[in-house]
Amino acid sequence: MTFSTQIKAEALALGFDAVGIAPAVIGGREQARMDAFVGGGEHGEMAWMADKLDRRRDPAVLWPEARSVIVCAANYGPAHDPLDDLERRDRGAVAVYARNKDYHDLLKKRLKRLARWIHSDLGAEVKVFVDTAPVMEKPLAARAGIGWQGKHTNLVSRGFGSWLFLGEVFTTLELPADAAEVDHCGTCRQCLDICPTAAFPTPYTLDARRCISYLTIEHKGSIPVEFRVAMGNRIYGCDDCLAVCPWNKFATATQELAFVPRDDLTLPLLADLAELDDAAFRAYFAGSPIKRTGRDRFVRNVLIALGNSGDSSAVAVVERRLDDASPLVRGIAIWALARLSSGALHRNAARADSETDDDVRAEWRLALGDPA
Ligand code: B12
Ligand code: SF4
Ligand code: SF4
């Protein structure tokens, strides 16, 4: 058996669903696009993308001795169509990837086992990367033959559709590369057309600042007014462009227990989530990727969804958040209340006079239609 065959067999035995090998190189076109993305500010507040840009765009800067990248992928395919969840307006839609354990933990554990085995049995140097590391994972996965970057920019696989997590072992071994996968999008543009916030300036490019995934997970301040209605009931991430892809007809539901959705993260009641304080938030989301946003940003998202719910029974819940200690939460509660009931908004309008935070005062002015 060659080293490559042994490595792939070991990765599959560890529980990965697909594995491929690429040279430790990123192409000039991909580098140019990364430069344009960061240079044009399309990464928004994700300053960590610009911070290590030289390493991210070039594996030779990240680790000059690296020769090959073993790209490993794990299937997190849902058992149902996530687009159906968008109809349940009194409940929150959580992106499929975040409905159970944080995938970073599981992938990293498996990648480290694979790396230890390569080091001890094949005598090579190794380094493990997943998601948060400064690595361009999708172009590497495409070069390793696992899939291609679709027009929504994510990796699509003929066997698993849109639903693969990616992770890599970089090594000093000079391994024969697999054939890169070719683009199978053809004339299709379903992912581009379904995007609720028109986040794709052109096919294959994304302006993160307009993407609901970015707005609900990465963006720290208040969410720009122009995107609030379009968010609907999406409270953490977004799957629309992934879910609509026709290649999902070949996808299968994940068998990995850590990725099978938790019942309480499958369409949770918005009214319950809006009442979470810091301690309750941390307990509810222990081990989940959702803990990343912290309580205030999460409740901000929930209040926008409540504002979009059309559910007048939520007025009392939203009114309670007008007294929240967080200005971020107070401000968005005003917007949500204005959407649900102008009577309730005006009943509370006197609060605008005693508000000390500038941003919250601006929300009051916006809601009351006062341009001053
Ligand atoms: C930053 C980031 C985000 C940002 C920006 C997303 C983006 N598309 O860049 C935000 C917060 C919006 C985000 C959202 C999501 N993310 Co994210 N994210 C990342 C991260 C950390 C870096 C991605 C990156 O480098 N972006 C910069 C841009 C410039 O790179 P790019 O998308 O590859 O751009 C390429 C194309 O534009 C292409 N290109 C340009 N012009 C042309 C023309 C043609 C013809 C072609 C073919 C190509 C092409 O060239 C560029 C370079 O390859 C990666 C992890 C990692 N370290 O790679 C995860 C990662 C991409 N995310 C992931 C996931 C799951 C998601 C979400 C689905 C989560 C959710 N459900 O909410 C959404 C999907 C949104 C979407 N449509 O992309 C997975 C994707 C797995 C997969 N199968 O592809 C990754 C790989 C994490 C992981 N380890 O599994 N994410
Ligand atoms: S994740 Fe949602 S908002 Fe972001 S690009 Fe895809 S469809 Fe648009
Ligand atoms: S929806 Fe269509 S265009 Fe978008 S990634 Fe899938 S095949 Fe490509």
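Quick notes on this one:
- Condition check for T132: at pLDDT below 95, near ligand 1 (Cβ under 8 Å from one of its atoms) and either out of contact with any helix residue (DSSP H, G or I) (no Cβ under 7 Å at 6 or more places or on another chain) or hydroxyl-bearing (S, T, Y) (or both): yes
- Residue identified as within 10 Å of ligand 1 (Cβ to nearest atom) and surrounded by fewer than 18 Cβ atoms within 10 Å (Cβ to Cβ) among H104, H80: H104
- Test for H152: is it in contact (Cβ under 8 Å) with a residue 60 or more places away in the chain, surrounded by fewer than 17 Cβ atoms within 10 Å (Cβ to Cβ), of a type outside the set (A, V, I, L, M, F, W, C) and within 13 Å of ligand 3 (Cβ to nearest atom): no
- Test result for A177, touching a Pro at 6+ places or on another chain (Cβ under 7 Å), more than 16 Å from ligand 2 (Cβ to nearest atom), at pLDDT 95 or above and among the aliphatic types (A, V, I, L, M): yes
- Of all residues making up the range 168-198, the number that are more than 30 Å from G123 (Cα to Cα), touching a residue at least 24 places away in the same chain (Cβ under 8 Å) and either in a helix (DSSP H, G or I) or among the acidic types (D, E) (or both): 5
- Answer from R351, R347, R330 - the residue that is more than 18 Å from D272 (Cβ to Cβ), in contact with a Leu (Cβ under 9 Å, 6 or more places away or on another chain) and surrounded by fewer than 16 Cβ atoms within 10 Å (Cβ to Cβ): R351
- Residue in the range 344-364 that is closer than 30 Å to G237 by Cβ, among the small types (G, A, S) and in contact (Cβ under 8 Å) with a residue 60 or more places away in the chain present: no
- When T187, T172, T205 are screened for being surrounded by fewer than 21 Cβ atoms within 10 Å (Cβ to Cβ) and within 11 Å of ligand 2 (Cβ to nearest atom), only T205 passes.
Residues checked against (1) in contact with a Cys (Cβ under 7 Å, 6 or more places away or on another chain); (2) of a type in the set (F, W, Y):
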position	(1), (2)
A9	no, no
F16	yes, yes
V19	yes, no
A24	no, no
L83	no, no
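- Among the residues of the range 222-238, just one is among the aliphatic types (A, V, I, L, M) and under 12 Å from the mean Cα position of the chain (by Cα), namely I235.
- Qualifying residue in the range 12-31 (condition: among the charged types (D, E, K, R), touching a residue at least 40 places away in the same chain (Cβ under 8 Å) and part of a loop (DSSP other than H, G, I, E, B)): yes
- Residue within the range 235-246 that is under 28 Å from D17 (Cβ atoms), in contact with a His (Cβ under 6 Å, 6 or more places away or on another chain) and touching a residue at least 60 places away in the same chain (Cβ under 8 Å) present: yes
- Among residues of the range 96-111 that are more than 21 Å from R234 (Cβ to Cβ) and in a helix (DSSP H, G or I), those with a beta-carbon under 8 Å from a residue that is within 16 Å of ligand 2 (Cβ to nearest atom) and aromatic (F, W, Y) at least six positions away or on a different chain give the pairs L107/F165.
- Subset of the range 35-71 (residues that are under 30 Å from D17 (Cα atoms) and among the acidic types (D, E)): D58, E65
- Residue in the range 242-252 that is within 10 Å of ligand 1 (Cβ to nearest atom) and either at pLDDT 95 or above or within 29 Å of L111 (Cβ to Cβ) (or both) present: yes
- Residue among E65, E45 that is closer than 25 Å to P203 by Cα, out of contact with any helix residue (DSSP H, G or I) (no Cβ under 8 Å at 6 or more places or on another chain) and in a loop (DSSP other than H, G, I, E, B): E45
- Close contacts from the range 121-147, counting a first residue that is under 21 Å from V38 (Cα atoms) and a second that is modelled with pLDDT under 95 and assigned to a loop (DSSP other than H, G, I, E, B), with Cβ to Cβ under 6 Å and a gap of 6+ residues or different chains, come to P134/K52.
Okay, residues lined up against (1) of a type in the set (D, E, K, R); (2) closer than 15 Å to N248 by Cα; (3) modelled with pLDDT of 95 or more:
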position	(1), (2), (3)
G77	no, yes, yes
G92	no, no, yes
L111	no, no, yes
L114	no, no, yes
L122	no, no, no
V128	no, no, yes
M136	no, no, yes
P139	no, no, yes
A142	no, no, yes
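- Residue list for the range 287-324, restricted to those being within 21 Å of H219 (Cα to Cα) and among the aliphatic types (A, V, I, L, M): I290, V299, V302, L303, I304, A305, L306
The values are calculated or read from the model by the stated rules, or taken from the named source; none is laboratory data. Not measured: the values here are computed from a predicted model. Virtual Cβ from ideal backbone geometry, glycine too; neighbours counted across all protein chains shown.
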